[in-house]
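Enquirer: First the structure, which I've put down as structure tokens, then a few questions once you've had a look.
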Amino acid sequence: MQVQVETINSVTKKLNIEVPVEQVNSEIEKSYAAIQKRAKLQGFRPGKAPMSLVRRTYSDAMRDDVMRRLYEKTLFKALDENKIEPLDPPSIESDMLAEGEPFKYSATVEVMPEVKVKGYKGLELTKEKYVPSPESVEGEIVRMRENMAQLVPVEEGAAVENGHVVILDYTFSVDGFPEETQNADEAEVQVGANLLMPGFEEQLVGMKVGEERAIRITLPEGYRNPEAAGKEGVFQVTLKEIKRKELPELDDEFAQQFGEYENMEQLRAKLTEYREQHELDRIDMALKDMVIEKLIEKNPLDVPQAMVNRQLEFMLNNLKNRLKVQQMTLEMMGLNDDIFKVRFCDMAVSKVKGGLLLMALVEKEKIEAGDDELEKRYEQMASGNADLLEKIRQYHATNQSARERLISEIKDEKAIQFLLDNAKITEVEAPAKQGE
């Protein structure tokens, strides 16, 4: 067997393999002999058909059988001899198998890149300054107050205003697109929240209970049916109820509904604490993302598509699980599996690059994860639950792959901290928010 290894790029190799004619002929003879034993040809008992007839009748079956066995016998041996570890099954192209000729084929495989990390000390980073924001705390109280609001019917004869919640029946249709037709009874709409199609809520303003109205809107770009985007959709609406929000007083009784708070002062203090911790965590996460981006800039590398595909699947499944908890689906967000993978491909590539570079840094700087660090992680996962802590310990003691994943996570976190400890960090003012 002759094997020539061609390097396409740092993550792709192509093996050009030639199987000698003697081995090809031998496998062909074996295949025909096996086929003859089970062949069912008219006029002959199983196993008694002449070989010449078997060859004429079963040449395609023989070819498939021999090619499969030649791949099995030669490809893995060639990979092993050349110390090539493919990340995914190879992509194979071959000549036509013919008796009396060597069999030639090629196998293209993706492999792990050889990563040599450099330039990772002295990375220049900017870190957002934390700024207390009493306005944000008050905004949170406003949202809490809104959530505690009671809905009460408006006065008889009143018309819909922004802020009202209405109950309505509707039928929706798009001329020329019967599949878009839908209807609903007693649908609840918060007017002015801008949660529905642009133009719909505005046209409810001024309606009164019992009134019917045709609401016409232009279906927006990005509508779930691309062919219907830009067309006119019509809602035939019947208004059944109008309600207004009755907000609770911001007093001690209000505060006591949210936990062990005696008054609004204690509630504000806890919200301020939560907001500070949330902002510090956000700033810290942004800094960690930035240091990985800078590391990638200093170390450009190719990544295997197989690893990108796995990362995309991981991200997709995570999102689906989070949405499931919220009783939502991808489709509700205007996505499907294919759209998600296209939209988030660049993010997946960056995550793979970052992971490979952190792995190389861990090895170069000999970063380890000790038993004490594992125990600390177990305690964090248990959150003070002694029974759960013991179960977590037992699980990782008996599940080697889970233990190794956790060790890898700890090492990566330590590698990121190593980068931050050796970086040049400049604090900057937070960017102004829109509208400020």
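Enquirer: Express the accessible area of the chain per residue in Å², computed with a 1.4 Å probe while the remaining protein chains stay in the model.
Expert: Numbers: 27790 Å² over 436 residues.
I get 64 Å² per residue for this part.
Enquirer: What whole-number value in cubic angstrom gives the convex hull volume per residue for the C-alpha atoms of the range 172-260? Intermediate results must be reported in sequence, preceding the final value.
Expert: Working: hull volume 13.4 nm³, N = 89.
Dividing the Cα hull volume of the range 172-260 by its residues yields 151 Å³.
Enquirer: Can you give me the Rg/Rh ratio for the range 242-348, using Cα atoms for both radii and the Kirkwood formula for Rh?
Expert: Working: Rg = 21.8 Å, Rh = 18.6 Å.
In the range 242-348, Rg relative to Rh is 1.17.
Enquirer: Take the Cα of Glu211, step 7 Å along the line toward its Cβ, and report every residue of the range 157-172 whose backbone nitrogen sits under 15 Å from that point.
Expert: Residues 157-169 qualify, since their backbone N sits under 15 Å from the label point.
Enquirer: How about the range 64-158: which chymotrypsin sites (Phe, Trp or Tyr not before Pro) there lie in a loop by DSSP and see at most 15 other Cβ atoms within 10 Å? Show your work: numbers first, answer last.
Expert: Numbers: sites: Tyr71, Phe76, Phe103, Tyr105, Tyr120, Tyr130; in loops: Tyr120, Tyr130.
Those that pass, being in a loop and sparsely packed, are Tyr130.
Enquirer: For the pair Lys245 and Phe314, how long in nm is the line joining their label points, each one 7 Å along Cα→Cβ?
Expert: 4.1
Enquirer: Let me ask something additional. So what's the angle, to the nearest 10 degrees on a 0 to 90 scale, between helix 345-364 and the longest Cα principal axis of the chain?
Expert: The angle comes out near 70 degrees.
Enquirer: Follow-up. Tell me, what % of the accessible area of the range 205-290 is carbon and sulfur with a 1.4 angstrom probe? Kindly include the intermediate steps, with their values, before the conclusion.
Expert: Details: 2530 of 5630 Å².
Roughly 45 percent, rounded to a whole number.
Enquirer: How much of the accessible area of the range 22-74, probe 1.4 Å, is carbon plus sulfur, in whole percent? Write out the running numbers ahead of the final one.
Expert: Details: 1690 of 3320 Å².
Exposed carbon and sulfur together represent 51 percent of the surface.
Enquirer: One quarter of the convex hull surface, Cα atoms only: what value does that give for the range 295-427 in nm²? Please report the intermediate quantities before stating the final value.
Expert: Working: hull surface 46.4 nm².
Projected over every direction and averaged, the Cα hull of the range 295-427 covers 11.6 nm².
Enquirer: A further question follows. Mind listing which GluC sites (Glu not before Pro) in the range 204-264 are in a DSSP loop and have 15 or fewer other Cβ atoms within 10 Å?
Expert: Details: sites: Glu211, Glu212, Glu221, Glu227, Glu232, Glu241, Glu246, Glu249, Glu253, Glu260, Glu262; in loops: Glu211, Glu221, Glu227, Glu249, Glu260, Glu262.
Of the GluC sites (Glu not before Pro), the ones in loops of the range 204-264 whose Cβ has at most 15 other Cβ atoms within 10 Å are Glu211, Glu221, Glu227, Glu249, Glu260, Glu262.
Enquirer: Distance from the Cα centre of the range 43-63 to that of the range 374-403, in angstrom?
Expert: 63
Enquirer: Could you order Asp372, Asp289, Asp169 by accessible surface area, starting with the largest, using a probe radius of 1.4 Å? Mind showing how you got there, number by number?
Expert: Numbers: Asp372 110, Asp289 80, Asp169 35 Å².
Descending order: Asp372, Asp289, Asp169.
Enquirer: Could I ask something else about it? Can you give the FRET efficiency for Glu156 and Ile339, using 1/(1 + (r/R0)^6), R0 = 56 Å, r = Cβ-Cβ distance, to the nearest 0.05?
Expert: Working: r = 48 Å, r/R0 = 0.86.
Efficiency for this residue pair is about 0.70.
Enquirer: What is the distance in Å between the Cα centroid of the range 144-185 and that of the range 106-121?
Expert: 57
Enquirer: Dividing the alpha-carbon Rg of the chain by 2.2 N^0.38 Å yields what? Please report the intermediate quantities before stating the final value.
Expert: Values: Rg = 33.3 Å, N = 436, 2.2 N^0.38 = 22.2 Å.
With N residues counted in the chain, Rg over 2.2 N^0.38 Å equals 1.50.
Enquirer: Please list 3J(HN,Hα) in residue order for the range 87-103, calculated via the Karplus relation 6.51 cos²θ - 1.76 cosθ + 1.60 where θ = phi - 60°; whole Hz, with x for glycine and proline.
Expert: Result, ordered by residue: 7, 9, x, x, 9, 10, 10, 9, 6, 6, 5, 9, 5, x, 10, x, 9 Hz.
Enquirer: Here's something else I'd like to know. Pull out the extension gain between Glu331 and Ser59, defined as 0.36 nm times the separation in residues minus the alpha carbon to alpha carbon distance; nm, one decimal. Mind showing how you got there, number by number?
Expert: Working: separation 272, 0.36 × 272 = 97.92 nm, distance 4.92 nm.
Once the chain is fully extended between Glu331 and Ser59, it gains 93.0 nm.
Enquirer: Let me ask something additional. Under a straight-distance cross-link criterion of Cα-Cα below 17 Å, which lysines are reachable from Lys37, leaving out those fewer than 8 residues away in the same chain?
Expert: Cα-Cα hits under 17 Å: Lys48.
Enquirer: Go through Lys288/Lys341; Lys116/Lys411; Lys270/Lys391; Lys13/Lys104; Lys14/Lys351; Lys127/Lys414 and tell me which ones have a Cα-Cα distance over 28 Å in this structure.
Expert: Pairs exceeding the cut-off: Lys270/Lys391.
Enquirer: Along Cα→Cβ, 7 Å out, is where each label goes; now give me the distance between the ones at Glu276 and Asp88 in nm to one decimal.
Expert: That separation, rounded to one decimal, is 4.9 nm.
Enquirer: A further question on this structure: Which net charge results when you count Lys and Arg as +1 and Asp and Glu as -1 among the other residues whose beta-carbon is under 14 Å from that of Ile367?
Expert: Values: positive: Lys364, Lys366, Lys411, Lys414; negative: Glu363, Glu365, Glu368, Glu373, Glu409, Asp412, Glu413, Asp421.
Net charge around Ile367: -4.
Enquirer: Here's a follow-up. Which trypsin sites (Lys or Arg not before Pro) in the range 341-436 sit in a loop by DSSP (not H, G, I, E or B) and have at most 13 other Cβ atoms within 10 Å of their own Cβ?
Expert: Values: sites: Lys341, Arg343, Lys351, Lys353, Lys364, Lys366, Lys376, Arg377, Lys391, Arg393, Arg403, Arg405, Lys411, Lys414, Lys424, Lys433; in loops: Lys366, Lys433.
Counting only loop positions with at most 13 other Cβ atoms within 10 Å, the trypsin sites (Lys or Arg not before Pro) in the range 341-436 are Lys366, Lys433.
Enquirer: When the accessible area of the range 350-436 is split by element with a 1.4 Å probe, what percent falls to carbon and sulfur? Kindly include the intermediate steps, with their values, before the conclusion.
Expert: Working: 2790 of 5850 Å².
Ligands and nucleic acids excluded, carbon and sulfur give 48 percent.
Enquirer: Please compute the length gained on full extension between Gln23 and Leu388, using 0.36 nm multiplied by the number of residues separating them and subtracting their Cα-Cα distance. Can you show the working numbers first?
Expert: Working: separation 365, 0.36 × 365 = 131.40 nm, distance 6.01 nm.
Working it through step by step, the gained length comes to 125.4 nm.
Enquirer: Follow-up question, since we're still on this one. Where does each of Phe172, Phe44 land when they are ordered by accessible area, with a 1.4 Å probe and the largest first?
Expert: Details: Phe172 0, Phe44 85 Å².
Ranked list, largest accessible area first: Phe44, Phe172.
Enquirer: Related question: For Ile8 and Asp371, FRET efficiency with R0 = 35 Å and r from the beta-carbon atoms, rounded to 0.05?
Expert: 0.20
The values are calculated or read from the model by the stated rules, or taken from the named source; none is laboratory data. Quick caveat, the model's predicted, so the values are computed rather than measured. Heads up, the Cβs are rebuilt from the backbone with ideal geometry, glycines too, and the neighbour counts pull from every protein chain shown. Side chains are part of the model used for accessible areas, which takes the heavy atoms of the whole protein and leaves out ligands, DNA and RNA. Shrake-Rupley method; radii C 1.70, N 1.55, O 1.52, S 1.80 Å.
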